[in-house]
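The numbers here are math on the coordinates, done by the rules we state, and not lab data. This structure is a prediction, so every number in the text was calculated from the model and none was measured. Glycine gets a Cβ as well: all are built from the backbone with ideal geometry, and neighbour counts include every protein chain shown.
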Amino acid sequence: MLDSLARLGRVGIGVLERLGRGHLLLLAIFVGLPDLLPRLGLLLRQIYSVGVLSVLIISVSGLFVGMVLGLQGYYILSQFGAEQTLGVMVAASLVRELGPVVAALLFAGRAGSALTAEIGLMKATEQLSGLEMMAVDPVRRVLTPRFFAGFISMPLLAALFSALGVLGGYFVGGGLLGVDDGAFWAQMQAKIDLHEDVYNGVIKSFVFGLVCTWIALFQGYDCVPTSEGVSRATTRTVVHSSLAVLGLDFILTALMFGE
Amino acid sequence: MHNRTVEILVGAFMAAGLVAFFFLAMQVSNLSSSGNGDGYEVIARFDNIGSLKVRSPVTMAGVRIGRVSEIGFDRRTYEAVVTLRIESEYNVIPDDSFAKIFTAGLLGEQYIGLDPGGSDKFLQQGSEISLTQSALVLEEIIGQFLFSKAEEGDSFE
């Protein structure tokens, strides 16, 4: 009885400790920002590996998600004779929800896992300790550029996803299924609001970028420095990021769109 | 991977992201037709505004000339006080114009239509439209219809 209570307590303390270490790491990363500004080359290189290399999967997924939305939306809307609002449906669901969320899930799988594995291996092969021996702060030199690279890349990737999704929906709706071009765009422009829909989507993608990159970096930095530890940390990154994105999405949606 | 190539690719990536964002802002959303900020506000009182909402369009002859900017409630007269923001280029609307609440289509959203009056004074910031017609509430119309049918039925007997 007491043993199981103690085990529960140990788990709780462990979770709290991890949370605390995570927040301290985030603080340390932000403190490193002034040192990053004169050395934008570091940031550029990380944007390349985090952002540019994710463009392909994000673009292809966006295009196909938009095309599927076009097909399914047309099927439902045509039952009400409202297929001209297809543009509104595709654009609203992409800009508000699917763009930020699916892009963040892909980002966590594509870029987050790579970040964790890279930093975990740096730790396992004692490169981080090596940096410290040379009086270089590994958080500032290694983590800060990666964090801001993720934070900058994620909204751009989400915007790319949504834009290509809208185009995909347009190809299917306007090209394949014969929805009127003018009605498709005009209805969309009349119903989608720049502040209400587009800006809120961008805010979401900034939050998701922060959370996904933070989780990935923390898991890598905090992992057990063995090959097994790195593999578990990588798994945890993907699982935790995905859960965090979906949970936060609910909270953000309730805050932004609930009345 | 050379530094220069990395820089070019990152530049292309950021440009693509920004282009996508501008596409969403310009092509997908209503930035080009929002036109908020300038204009003048007039108020109108209605007995019942139905499901009129803030940002609902204000039209004249079917052309959108403004939006509803605020909806309030007068606690003394039990009327809805609707503030209309009309774009400043439409500054020659007679002050005895008639404001009605219409519904776009059978199930569409509600909007305010203005019918021009004959006065040679124009609406300005803060003026009030006194001639108004409330929203048609479907249940009321059906109720009246049934009531008059019932009366007709009585008179035949």
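Odds and ends about this structure:
- A Cβ distance below 8 Å, combined with a sequence gap of six or more or placement on separate chains, defines the contacts here; from region A:207-229, residues that are in contact (Cβ under 8 Å) with a residue 60 or more places away in the chain reach residues that are of a type outside the set (S, T, N, Q) and not in a helix (DSSP H, G or I) in the pairs A:P225/A:E126; A:G229/A:C223.
- Of all residues making up region A:144-176, the number that are more than 13 Å from every other protein chain (Cβ to nearest Cβ), farther than 15 Å from A:G209 by Cβ and hydrophobic (A, V, I, L, M, F, W, C): 3
- Sub-8 Å Cβ pairs linking a first residue in region B:1-30 that is more than 7 Å from chain A (Cβ to nearest Cβ) and farther than 21 Å from A:G41 by Cβ to a second residue that is assigned to a helix (DSSP H, G or I) and of a type in the set (S, T, Y), at least 6 apart or interchain, are B:M26/B:S32, ordered by first then second residue.
- Odd one out for B:S51 among (1) over 21 Å from B:Y90 (Cβ atoms); (2) more than 12 Å from the chain's Cα centre (by Cα); (3) of a type outside the set (A, V, I, L, M): (2)
- Among the criteria (1) part of a loop (DSSP other than H, G, I, E, B); (2) surrounded by 12 or more Cβ atoms within 10 Å (Cβ to Cβ), the one B:R64 does not fulfil is (1).
- A:R232 fulfils the conditions (1) touching a residue at least 12 places away in the same chain (Cβ under 8 Å); (2) within 17 Å of A:G22 (Cβ to Cβ) except for a single criterion, (1).
- Set side by side, the residues A:Q46, A:Q72, A:Q127, A:Q79 differ, and just one is free of Cβ contacts under 8 Å to residues at least 60 places away in the same chain and under 22 Å from A:F218 (Cα atoms), which is A:Q127.
- Meets criteria (under 22 Å from the mean Cα position of the chain (by Cα), in a helix (DSSP H, G or I) and more than 29 Å from B:G17 (Cα to Cα)) for A:R18: yes
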